[in-house]
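First comes the structure, then the notes that go with it.
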Amino acid sequence: MRSSIAAVILFLLQLNASAQHYNIEQNTDSLHHYLAAKHSKQYPDAKIEILYEIGTTDNRLNADPTYDYEIAYKVYDISGLNDLGEIAIPKASRGTISNLKAITYNLDETGKIAEQQLEKKDVLLEQYSKNMDLVKFSIPGIKDGSVVVYRYTIKNGFRKRKWQFQREAVPVQFSKFSYNASEYALITTTSKTSVPFKNYESLKKFNKNKDQAAQVTETETTNIHGHLNVTYRSWTRRNISPFKSEPFSQDEGQLKENVMIYFNGFSGPGHHFPIVESWEAINKVWYTQHFKDAYAKNNFLEDKVNELKSKQKDTLSLLKDIYKFVQQNYVVNDQESELKRVYATKQGSSRNINELLCAMYRNAGFQSDIVLIANKQSEAINPLLYNIEDITNIATCVVSNGVMYFVDASQKELPFGYLPTNYYNGYTRIVNSQGGAAVELRPELANNITSTFVSIKPAEENKENYNYKFSIKKTLGIYDAVAYRESWKNDSTLFRKKMMGNPYDVSNNEGLTITNVKFENVDELEERLVLIMEGTLSNSKDIGQILLDPFFSKLFDKNPLGNDSKRDHDIAFTNPTKDIYTLSLQLNNQYTIDSHFAPTNFQFGPHGALKYQLDSRFNKDANIYTLKYTYENKATHIPVAENEALRNFYDAIIKSYAQQIIIKKKD
C-alpha cells in the first residue's frame, strides 16, 4: 500500500545498514553465566529476556541500501517464545538477504556449552505478495535454558524507519537503533520513552554511555562508498520493562517505547529535492499520476453505471447500489493493476477496488474523491510533517445532497457509509483537483448501537401452567455484527449447536432450554443483523418462591479492566458504543412480583462520558414486569490516575447484575 503511493519517489526512500555485532558467543564466561541463569534477576517472572537487540539502517547516496539486525535472548520458559521461535523476516522481492546466522546455545550434561546452528536447507523463501517475500526459519535446538543469537543483512530491501525498544511480556536489557544518512538528507525524528534521552554530541562519547536512555547526532567526513559527510543518528535504551497489554488501550504500536524516522528528501548547496513540500503539493502527484485512473472519464463504465441508475429513483439508493456492486463482485488481492483490467477481471488490490468505486461514482455524476488514511495501528497523519509513509489505507468519499459519505468497498462486511473503526483516526487527506483537502475522521463517527429484547410469557394463555415461552431478539450494532456474520457464514451449524447446547452462556436460570437459533439479514448489509434465540423456561409446579436472574444479556460478567488494579497507560474508548437491554416478563395467573429493582443511575468521566441506567416496573393489573438498562460510552480518554475510580464504576454495574427478581405464588 505505502510503496504504491510513493512509487514515483522510491529512489529517495532507500537505505543502507551496518549493525554493530556484540558477538556474545565469543565471551565464554558471559555466555555460560546466562546459560546457567534460572530466571531474570530484575524480572523473575519473565519467560524470555532479550540481552540485546540492535538495528542499523543507512540512507546514503551512491550505496546499496541495506539493513542489519542482530538479537540475543535468554529462554527461561519456552512457552513464552511467541514470534522469537518461528522467525519470518520481511524482504522486498528485489532485495537480497545475506549473513544470515542463527545459533542456539545450551549446557550439556557435563555443564559445557553446546551449540546448534541453523542450516541453509532449513531456510525457506515464501512469496507473501507481489512486492514482498518472507524469509522463514525455526530456531534450532531451542529449549528451556537456551541462549539464542541470530543476525542478518538485507540489501535493497524495505526501509526500517520505526524501532520498537519495548516488547510485550519480554524485558530488554539493551536496545539500540541507528540511522545513517547523507548530511543533506531531510530527516525528522520523533520518540516515545518513559525515560528522557540524554543528548550526546559525539559518537565516541555516546558509545561509552551507560545511561538508561541516550541519543546522538553527529556528522563526520568519511570515504565509505565514495560519499563524504554522513550524519549518524543513534538511540540506546537500557533495562526496558516488558510492555503490559491492557484492556481499553490505544493501539500497542503507539504505546510501546519507540523512535520514528521521517525521511523527506535532500537539500544542500545547489540542490533541493524534498519528497513532499506540503500536502497540497503532493496532491498534484497523487491526482495526476498515482490515482489518475479514478479521475479519468472511464467510458467503459457507462453501461454498468446506467444499468444501476435505471433501477433506482433516489440518489442515496443509487449510491448504495454502486457500493454494493463493487463490494460484492470484486475480490481483494495484492496485485495492483490498471483500472480497466480490474473492472474486467473483477479483482484487484484494496487501492484498485476503491479507485473503481470512485470512478463509478464520478461516472454517475457524483462528486467523489480518493481518501488517504493513517489507521490507528500507526500515528495519525500529521498536518505539519508531510510524511506519506504514514498513509496506511485508501478509501473513497462521495457527496450527495450536501452530505459526505466515507466508504471502503474492500471491506466485505460493512454497509455503505461505514469504515473500519481503526480508520477513524483524526486528520485525513482527500485527493482532488483543487489541491486536495483535509477532513477529520472523528472516532465519534464510528458509532455502534446494539439493542436486546427478551420476552418471557406463559406457554399457553389463560391456563395455569409452569412453562414459559422464551425468546431473545438481539439487533446488533454495525461493528458488533461483523464477527457474528463471519461466524455464521463460516459454519452456521456449529454456531447454532454451540448456542443451543450451552444455555448457561445465555443465562444462569435453571430450566432454560434453547430450541432454535437463527439470524435475519445475514446477507443484507444495509439492514441490521438480528440474532433470534427461542426456547422454554420451566419451573417446578409446587414451588412457592422463584428467584429469577433477569439479565439474559450482560455487557460483562467480570470487571473489563481486568484483575490487575495497577495500570501503566491511559484508558482509551476508541469509538462510541451503546447497549440497550429490555426484558418483558408476563407471569401466569398464579404468580406475582414480590420484589424488584430500584432505579440505578451511574455516570463516570467528564460530561457523562460513561453512563449506566437501570429501571424496572411492575404492572399489577396486566401482571407484566419490565426491566430496562442502557450502557453508553463516548469516544474518550480517561487518565491512568482515574483507573481505580473507573474500576469502581464497573464494579457497581456488575453488582447490579447480581440482583434477582423475587417471584412468589399468590395467596
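For the stretch 321-333, filtering for residues that are within 27 Å of the chain's Cα centre (by Cα) and either in a helix (DSSP H, G or I) or surrounded by 14 or more Cβ atoms within 10 Å (Cβ to Cβ) (or both) leaves 9. Would you mind stating whether A213 is small (G, A, S), under 30 Å from Q42 (Cβ atoms) and without any contact (Cβ under 8 Å) to a residue 12 or more places away in the chain? The answer is no for A213.
Just one of the listed residues (T513, T493) is in contact with a strand residue (DSSP E or B) (Cβ under 8 Å, 6 or more places away or on another chain), modelled with pLDDT under 90 and open to solvent by 40 Å² or more (accessible area, probe 1.4 Å), and it is T513. Residues in the stretch 125-144 that are under 11 Å from I89 (Cβ atoms), open to solvent by 30 Å² or more (accessible area, probe 1.4 Å) and modelled with pLDDT of 95 or more: K136 alone.
None of K155, K143, K176, K192 is in contact (Cβ under 8 Å) with a residue 60 or more places away in the chain and within 30 Å of K112 (Cα to Cα) except K143.
Filter the stretch 398-409 down to the residues that are surrounded by fewer than 22 Cβ atoms within 10 Å (Cβ to Cβ) and either among the small types (G, A, S) or assigned to a loop (DSSP other than H, G, I, E, B) (or both) and list them by number. Hits for the stretch 398-409 are S400, N401, G402.
Residue-wise test of (1) surrounded by fewer than 17 Cβ atoms within 10 Å (Cβ to Cβ); (2) touching a residue at least 40 places away in the same chain (Cβ under 8 Å); (3) closer than 19 Å to S553 by Cα; (4) out of contact with any Cys (no Cβ under 7 Å at 6 or more places or on another chain).
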site: L583; (1), (2), (3), (4): no, yes, yes, yes
site: A609; (1), (2), (3), (4): no, no, no, yes
site: N619; (1), (2), (3), (4): yes, no, no, yes
site: A622; (1), (2), (3), (4): yes, no, no, yes
site: N648; (1), (2), (3), (4): yes, no, no, yes
site: D651; (1), (2), (3), (4): yes, yes, yes, yes
site: K655; (1), (2), (3), (4): yes, no, yes, yes
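Residue-wise test of (1) part of a loop (DSSP other than H, G, I, E, B); (2) under 28 Å from the mean Cα position of the chain (by Cα).
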residue	(1), (2)
M533	no, no
K554	yes, yes
P560	yes, yes
A572	no, yes
K578	no, yes
L585	no, no
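Applying the condition of being of a type outside the set (A, V, I, L, M, F, W, C), in a strand (DSSP E or B) and within 24 Å of P274 (Cβ to Cβ) to the stretch 181-199 and asking which residue is least open to solvent (accessible area, probe 1.4 Å) yields S182. Does the stretch 387-397 include one or more residues that are assigned to a loop (DSSP other than H, G, I, E, B), of a type in the set (G, A, S) and either more than 17 Å from the chain's Cα centre (by Cα) or closer than 24 Å to D314 by Cβ (or both)? Looking through the stretch 387-397, none of the residues is assigned to a loop (DSSP other than H, G, I, E, B), of a type in the set (G, A, S) and either more than 17 Å from the chain's Cα centre (by Cα) or closer than 24 Å to D314 by Cβ (or both). Within the stretch 28-39, is there a residue that is open to solvent by 20 Å² or more (accessible area, probe 1.4 Å), under 18 Å from K91 (Cα atoms), small (G, A, S) and modelled with pLDDT under 95? No - not one qualifying residue is present in the stretch 28-39.
Within the stretch 289-318, the residues that satisfy the criterion of being surrounded by fewer than 16 Cβ atoms within 10 Å (Cβ to Cβ) and outside any helix (DSSP H, G or I) are A296, K297, K311, Q312, K313, D314.
The lone criterion from (1) farther than 30 Å from T190 by Cβ; (2) of a type outside the set (S, T, Y); (3) open to solvent by less than 10 Å² (accessible area, probe 1.4 Å); (4) free of Cβ contacts under 8 Å to residues at least 24 places away in the same chain left unmet by A359 is number (4).
Scanning the stretch 340-356 for residues that are farther than 22 Å from V399 by Cα and either touching a Gly at 6+ places or on another chain (Cβ under 6 Å) or open to solvent by less than 30 Å² (accessible area, probe 1.4 Å) (or both) gives V342, G348, S349.
Considered as a group, the residues in the stretch 156-180 that are open to solvent by less than 50 Å² (accessible area, probe 1.4 Å) and modelled with pLDDT under 90 include one that is nearest to K47 (Cα to Cα), and that residue is K162.
The values are calculated or read from the model by the stated rules, or taken from the named source; none is laboratory data. Keep in mind the model is a prediction, meaning the values are calculated, not measured. Glycine gets a Cβ as well: all are built from the backbone with ideal geometry, and neighbour counts include every protein chain shown. We work out accessible area using only protein heavy atoms, side chains counted, and drop any ligands, DNA or RNA first. Shrake-Rupley method; radii C 1.70, N 1.55, O 1.52, S 1.80 Å.
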